[in-house]
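The values are calculated or read from the model by the stated rules, or taken from the named source; none is laboratory data. Note that this is a predicted model, so its numbers are computed, not measured. A quick note on method: Cβ atoms are made from the backbone with ideal geometry, for glycine too, and the neighbour counts reach across all protein chains shown. Keep in mind that these areas ignore ligands, DNA and RNA; they rest on the heavy atoms of the full protein, side chains included. Shrake-Rupley method; radii C 1.70, N 1.55, O 1.52, S 1.80 Å.
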Amino acid sequence: MDFINVEKKWQKKWEESKLYSFDKSKMKDKYYVLEMFSYPSGAKLHAGHWYNYGPTDSYARFMRMNGKEVFQPMGFDAFGLPAENYAIKSGIHPQDSTLKNIATMEGQLKAMGASFDWDYEIKTCMPDYYKWTQWIFLQLYKNGLAYRKEAPVNWCPSCNTVLANEQVVDGACERCHTTVLRKNLTQWFFKITQYAEELLQGLDTIDWPEKTKAMQRNWIGKSSGGEIEFELESGDKFKVFTTRADTVFGVSYVILAPEHPLVDKITTDAQKAAVDAYKLECSKASEIERLSTTREKTGVFTGAYCINPVNGDKVPVWIGDYVLYSYGTGAVMGVAAHDERDYDFAKKFDLQIKRVVKSADGKNDDLPFCDYGVICNTGTQFDGITSQEGKIAIVKWLEEKNQGQLKTNYRLRDWLISRQRYWGAPIPIVYCDKCGEVAVPEKDLPVQLPYNVEFKPNGKSPLASCEEFMNTTCPKCGGKARRDPDTMDTFVCSSWYFLRYPDAHNDKMAFDPEIINKMLPVDKYVGGAEHACMHLLYARFFTKALRDMGYLKFDEPFKSLVHQGTILGPDGFKMSKSRGNIISPDDYVSKFGSDAFRLYLMFGFSYIEGGPWSATGMESITKFLERVERIVDKSISLNNSVTKMDAEEKALNYTRNYTIKRVSEDTKAFSFNTAIARIMEYVNDLYKYDNLPCEKNAKFFKECIENLVLLLAPFVPHIAEELNEKMGGTYSVFDKAYPVCDEKALVKDEYELAVQVNSRMKAKIVVPSDADNKTIEDIALNNDLVKNATQGLNIVKVIVIPKRLVNIVCK
RNA sequence: GCCGAAGUGGUGGAAUUGGCAGACGCGCCGGACUCAAAAUCCGGUGAUGGCGACAUCGUGCGGGUUCAAGUCCCGCCUUCGGCACCA
């Protein structure tokens, strides 16, 4: 078969006949299969994209053949940093490079022959899409879920620009190697923390990989404890969050994040120079560095003291970079004897270590450090109370005195969405001298991203220098106003695209709730595990927020989720331009065809694991497909002779039904490599039968071959379509039903099982299918090989596991 | 550093979730067909020892639980993903 031309032929026919058009009248059988859309940064799709889209398309086709009305759209997450960086280097406008890349990728995706319904394509950089991204911003804003506050950005003082984390290498700017500083800017945030608890609870209701749920749980990071208020000698107050209120009697110092607003106010003149120097140092460290538990602790005394509310102790106030301003209250109480980091800090700076909890069993009480136990040495009513109860008792006691309260804290932070970049969706807010911050009215959307903008770094957001963009009138008072010069994080665009797809051309609404509430949630979402915490959490947040606004009637966007593994370069490293190890599918597709290439991807790797690319065995896939074709041709050449079902036919019938069963189960579970292995076994059995010869019951043989073509159809769609036509089948093979296993054919009257003596394999026995344990035991003990192996030994116990094995324990 | 995974023949990977380790491929070896080669079809293939039936060892390393461990528990090593501005 000329695979290449066969593929072209069927792709044309599929397109002409609109085979993959979603039929809205069959909405009740809808099945929404979604692959994470691609980012058109590199000019072309690489093997990794195929690995995501090819097998998932096979899954979609499988569901289609199982009676589902499959909706499988495709689009592009088209805004983002790389296009802008490329523009700075090459002078090619991000819009031009992006649209060109998209055109190339569309061509590649079409050559793949996937069953995408292109009528619903989305490009997030087009005004007809980002108009509605801005609309969603406004809805969040109106509902109090968008607000502004100061937050640090990476600042390169030499390039005079904000850097992405990716552009910071070892604390320095990747371009000029200047040390990067954190600099505060007023920026927009989405209040995802308001949904922290529901985002956590909802995980129990969805069919996602356990590890992904675990990552989200840890990311949300719920912990319960108390907030305790400390008062400074100056009269200023601040709160600390702690999960160990039982140790509050042991506070020997308090430590604020260097960014804490109180720091400048309380620092004494004598300490000012040291504090300022330290703050500058801290602005050079990344959060990952600051959170390292092995890094040596650093800090500076502010010169101020505060009072421990539980015992009146006067303790020094320090600043230290292991305290993050973004977590909790940005301040912690230092309890050196009962927290490892505090212990390290106290050791380093020679602060008091005060033991107030002893272990319940009295052990380790001579050590300076202890985790949990009983409160002691405080001279209060709490002595003797174990830490678990002590925590609550002490916070409640403080609550009565207005000095604290029980508090659930989340590690999750609000989502910073402002980007000081050009290539993104503009933020639909204007600033008026009279009215302040004013939302752009919905009728004025989209706030169009201007084309002619200078994006060379000049210390401001690129849009800030574009006067025609910046200058506008205030929608409230009609006076002069300035637009927000920042654009939105691209994660905002990708947090709702699955809502847009089913109603992609609606120019009145972001989506019609009538349609969306029927089409969503997504039934199967497939994409990389690297999105576990960010994209997948943001999308859940948007869904819940839009639900609370009344637009949606479901709680979770993605009912079921699968992560494909990563295809690494042949060198075992992640594919990247800089390593030069990118595998392009195009060469393989033009040589072997799309079907062979995707079948190879499915068969050669464990789908959720991935692994290094290797083309070894690529040819063997073509050989297998030719082997399939030969046996199909053989069946076509036969007359429809019929004889009764002999042992051979029964055996083949068993394999056929076993194959149908296993292939269906494995495909449902995204275990494509084993599904294909079972088909290969089936083909091997068909050849054995063919050698018999198969003419005697050609009708049965033909049936088996028809099943083979249907079984293969989701995996090699073009070839299956061609074989179906050759066999005289009607168009399309994808309108036919997937074979269903006949359970009766799988019933056997006897089966083989293994017999072990002292856990070593000694024999195989055949037992009737309905044999009870006693019968099995008797058959096993009467086996000659078993008798040999147990000779002269005492049989202590016989363990019979039906369908598995027998283990005879002897001494 | 913290969170989440993975480690199985020469090789890609299987293993019904505690029950015959190595399915199915690749590679290699052999046979059939052929004047010959290719292609194809059939068979073999974890390691060590033995002519042999068979025996011993074997799932990153070290311990443990169990009649039984790739799978569970404890402690390590290595590799990969994420850590909030790559997406």
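Below, the figures for the structure above:
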item	result
Residue pairs meeting the criteria (Cβ under 7 Å; at least 6 apart or on separate chains; first near RNA strand B (Cβ under 6 Å from one of its atoms), in the range A:674-685; second charged (D, E, K, R) and open to solvent by 10 Å² or more (accessible area, probe 1.4 Å))	A:Thr674/A:Asp666
Selected residue (criterion: nearest to RNA strand B (Cβ to nearest atom)) from residues of the range A:25-75 that are among the charged types (D, E, K, R) and over 19 Å from A:Glu106 (Cβ atoms)	A:Arg61
So A:Ile795, is it open to solvent by less than 20 Å² (accessible area, probe 1.4 Å) and farther than 30 Å from A:Met63 by Cβ	no
Every residue from the range A:734-775 that is within 13 Å of RNA strand B (Cβ to nearest atom), of a type in the set (Ser, Thr, Tyr) and open to solvent by less than 70 Å² (accessible area, probe 1.4 Å)	A:Tyr751
Which numbered condition A:Val628 fails, given (1) among the β-branched types (Val, Ile, Thr); (2) within 12 Å of RNA strand B (Cβ to nearest atom); (3) under 28 Å from A:Gly565 (Cα atoms); (4) surrounded by 20 or more Cβ atoms within 10 Å (Cβ to Cβ)	(3)
Contacts under 6 angstrom Cβ, first residue in the range A:289-318 being closer than 25 Å to A:Glu229 by Cβ and of a type outside the set (Lys, Arg), partner open to solvent by less than 20 Å² (accessible area, probe 1.4 Å) and within 16 Å of RNA strand B (Cβ to nearest atom), 6 or more apart	A:Gly299/A:Gly320
Candidate set from the range A:498-551 (those that are part of a helix (DSSP H, G or I) and small (Gly, Ala, Ser)); member that is nearest to the chain's Cα centre (by Cα)	A:Ala529
Every residue from the range A:473-495 that is among the hydrophobic types (A, V, I, L, M, F, W, C) and either farther than 17 Å from A:Pro446 by Cα or more than 13 Å from RNA strand B (Cβ to nearest atom) (or both)	A:Cys474, A:Cys477, A:Ala481, A:Phe491
Residue within the range A:92-101 that is open to solvent by less than 20 Å² (accessible area, probe 1.4 Å), closer than 30 Å to A:Glu609 by Cα and in contact (Cβ under 8 Å) with a residue 12 or more places away in the chain present	no
Residue within the range A:129-143 that is in a loop (DSSP other than H, G, I, E, B), more than 11 Å from RNA strand B (Cβ to nearest atom) and either modelled with pLDDT of 95 or more or open to solvent by less than 10 Å² (accessible area, probe 1.4 Å) (or both) present	yes
Members of the range A:47-91 that are open to solvent by 20 Å² or more (accessible area, probe 1.4 Å) and touching a helix residue (DSSP H, G or I) at 6+ places or on another chain (Cβ under 7 Å)	A:Arg64, A:Gly67, A:Lys68, A:Glu69, A:Val70, A:Asp77, A:Tyr86
Residue within the range A:722-733 that is acidic (Asp, Glu), open to solvent by 80 Å² or more (accessible area, probe 1.4 Å) and away from RNA strand B (no atom under 13 Å from the Cβ) present	yes
From A:Asp571, A:Asp595, A:Asp587, residue being out of contact with any strand residue (DSSP E or B) (no Cβ under 9 Å at 6 or more places or on another chain) and surrounded by fewer than 17 Cβ atoms within 10 Å (Cβ to Cβ)	A:Asp587
Any hit, the range A:55-66, residues being within 27 Å of A:Ala425 (Cα to Cα), of a type in the set (S, T, N, Q), touching a Phe, Trp or Tyr at 6+ places or on another chain (Cβ under 8 Å) and not in a helix (DSSP H, G or I)	no
Selected residue [touching a Leu at 6+ places or on another chain (Cβ under 8 Å), farther than 30 Å from A:Val310 by Cα, open to solvent by less than 10 Å² (accessible area, probe 1.4 Å) and in contact (Cβ under 8 Å) with a residue 40 or more places away in the chain] from A:Ala439, A:Ala425, A:Ala481	A:Ala425
Search result, residues across the range A:145-157 that are free of Cβ contacts under 8 Å to residues at least 40 places away in the same chain and loosely packed, with under 14 Cβ neighbours inside 10 Å	A:Glu150
Failed item in (1) within 30 Å of A:Pro521 (Cα to Cα); (2) open to solvent by 60 Å² or more (accessible area, probe 1.4 Å); (3) not in a helix (DSSP H, G or I), with A:Gln201 passing the rest	(3)
Matching strands (runs of 3 or more DSSP E) fully within the range A:380-475 where at least 1 residues are at pLDDT 95 or above and touching a Ser or Thr at 6+ places or on another chain (Cβ under 7 Å)	A:429-432
Any hit, the range A:47-66, residues being in contact (Cβ under 8 Å) with a residue 40 or more places away in the chain and farther than 24 Å from A:Leu625 by Cβ	no
Residue check, A:Gly113 in contact (Cβ under 8 Å) with a residue 12 or more places away in the chain, over 28 Å from A:Tyr31 (Cα atoms), surrounded by 18 or more Cβ atoms within 10 Å (Cβ to Cβ) and more than 16 Å from RNA strand B (Cβ to nearest atom)	no
Number of the condition not met by A:Phe603 [criteria: (1) more than 9 Å from RNA strand B (Cβ to nearest atom); (2) open to solvent by 30 Å² or more (accessible area, probe 1.4 Å); (3) not charged (D, E, K, R)]	(1)
Strands (runs of 3 or more DSSP E) enclosed by the range A:741-811 - at least 1 residues per element that are more than 30 Å from A:Arg678 (Cβ to Cβ), of a type outside the set (Lys, Arg) and without any contact (Cβ under 8 Å) to a residue 12 or more places away in the chain	A:795-801
Filter result (out of contact with any Ser or Thr (no Cβ under 9 Å at 6 or more places or on another chain) and of a type in the set (A, V, I, L, M)) within the range A:26-50	A:Met27
Count - residues of the range A:228-277 that are among the basic types (Lys, Arg) and farther than 30 Å from A:Asp383 by Cβ	2
Among (1) assigned to a helix (DSSP H, G or I); (2) more than 7 Å from RNA strand B (Cβ to nearest atom); (3) farther than 21 Å from A:Tyr53 by Cβ - the single one A:Lys644 does not satisfy	(1)
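Per-residue answers, yes or no, for (1) touching a residue at least 40 places away in the same chain (Cβ under 8 Å); (2) over 29 Å from A:Val70 (Cβ atoms); (3) in contact with a Gly (Cβ under 9 Å, 6 or more places away or on another chain):
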residue	(1), (2), (3)
A:Arg540	yes, no, yes
A:Lys559	yes, no, no
A:Gly565	yes, no, yes
A:Gly572	yes, yes, yes
A:Ser584	yes, no, no
